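Report on the following structure.
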Amino acid sequence: MMHWLIQTLADHPALARAEVPEGMLSMGEQVRFQSLKRDKRRRDWLLGRWTAKRLTAQYIESITGRRPALSDIVITTDPDGAPRLHSRNGYAFINRLAISISHSHGYAFCALTDVPGRHPGADIEYIEQRNPAFVSDFFTDVEIERVHRAPPSAQPLLTTAIWSAKEAALKSIRRGLTVDTRCIICLPEEPVADGWSPVTVICSPELNATVRCGWWRQIGRFVLTLATADSEQATHAAVPIAEVQRIGDGVSP
């Protein structure tokens, strides 16, 4: 099952001021926060952690009937930059959960999966017109053709969806933007009202990776994308779109 949550800076006044809400961070996380120098980076980091911790707490409550304190959910960063969950208070199964965090224009989007061995990738992007040079520099020929075939009025949404899907897919295979974005092809299907549409994701052989599932949707002026890839321990069964589930009281941009 894939769970997701969106939150915004407007949901918590302290976050908008780049201040740590009481009871949110562990001691180690507070040290990490203090190392961040710019207010924008602090706000984005806090909003992402707050969203991820709330999503995880709601998931734990749905399983155990008890809601943990946010400071008992610890998020560290792996060497490749991916976030990792830990528990300070006996929720041993939290180590088997995997999350992905993204933020854009004052919103944070987090995805969580409880399927063993599965790595999620989540991305949120603001829909805007992009320079043609951006498309030619970062998209494959197949993706460029897809954009050019679309009506001009539809190109900002499609371009944003393709780019966001690339970010989500590359997160899911634990590469991020360390590789050429043209090593992966993302072809979103037509959008559906108030739901997720599939994204076809094709990885080039040199990546030695396979993205099992991809989805995208529009909410307001944002595109959300999700992807999953498997570790060696995971099964190779795809997650049905029906199993992408919103959890909690996230907001819609």
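The values are calculated or read from the model by the stated rules, or taken from the named source; none is laboratory data. All figures in this text were calculated on a predicted structure; none of them were measured in a lab. Neighbour counts run over all protein chains shown; Cβ positions are idealised from the backbone, glycine included.
Only a single item in (1) within 30 Å of residue 213 (Cα to Cα); (2) touching a Lys or Arg at 6+ places or on another chain (Cβ under 9 Å); (3) buried (at least 19 other Cβ atoms within 10 Å of the Cβ) is not met by residue 29, and it is number (1). Considering the conditions (1) farther than 24 Å from residue 8 by Cβ; (2) under 18 Å from the mean Cα position of the chain (by Cα); (3) touching a residue at least 40 places away in the same chain (Cβ under 8 Å); (4) surrounded by fewer than 22 Cβ atoms within 10 Å (Cβ to Cβ), residue 172 is excluded by exactly one of them, (4).
Listed conditions (1) in a helix (DSSP H, G or I); (2) more than 23 Å from residue 81 (Cβ to Cβ); (3) at pLDDT 95 or above are all met by residue 218, apart from (1).
The criterion of at least 1 residues that are outside the structural domain of residue 48 (by TED's automatic domain parsing) and in contact with a strand residue (DSSP E or B) (Cβ under 6 Å, 6 or more places away or on another chain) is met by the following helices (runs of 4 or more DSSP H) wholly inside the stretch 110-210: 141-149, 155-172.
Residue pairs whose Cβ atoms lie under 8 Å apart, separated by 6 or more positions or on different chains, with the first residue in the stretch 17-29 and free of Cβ contacts under 8 Å to residues at least 60 places away in the same chain and closer than 14 Å to residue 72 by Cβ and the second of a type in the set (Lys, Arg) and surrounded by 13 or more Cβ atoms within 10 Å (Cβ to Cβ), are 24/49; 24/53; 25/49; 29/49. If the condition is being over 20 Å from residue 120 (Cα atoms) and among the charged types (D, E, K, R), then the stretch 45-85 contributes 61, 66, 67, 72.
Picking from 242, 237, 193, 229, which residue would you name as being surrounded by 15 or more Cβ atoms within 10 Å (Cβ to Cβ) and either among the aromatic types (Phe, Trp, Tyr) or at pLDDT below 95 (or both)? Give the derivation first.
On the way: 242 fails: surrounded by 15 or more Cβ atoms within 10 Å (Cβ to Cβ); 237 fails: surrounded by 15 or more Cβ atoms within 10 Å (Cβ to Cβ); 193 fails: surrounded by 15 or more Cβ atoms within 10 Å (Cβ to Cβ).
Matching residue, one of 242, 237, 193, 229: 229.
Return yes or no: is residue 56 in the same structural domain as residue 41 (by TED's automatic domain parsing), exposed (fewer than 14 other Cβ atoms within 10 Å of the Cβ) and among the hydroxyl-bearing types (Ser, Thr, Tyr)? The answer is no for residue 56.
Looking only at residues that are touching a Lys or Arg at 6+ places or on another chain (Cβ under 8 Å) and part of a loop (DSSP other than H, G, I, E, B) in the stretch 58-91, which one is farthest from residue 173 (Cα to Cα)? Top of the filtered list is 78. Tell me, yes or no, whether the stretch 51-58 has at least one residue that is touching a His at 6+ places or on another chain (Cβ under 6 Å) and at pLDDT 95 or above. Looking for residues that are touching a His at 6+ places or on another chain (Cβ under 6 Å) and at pLDDT 95 or above, one finds none in the stretch 51-58, hence no.
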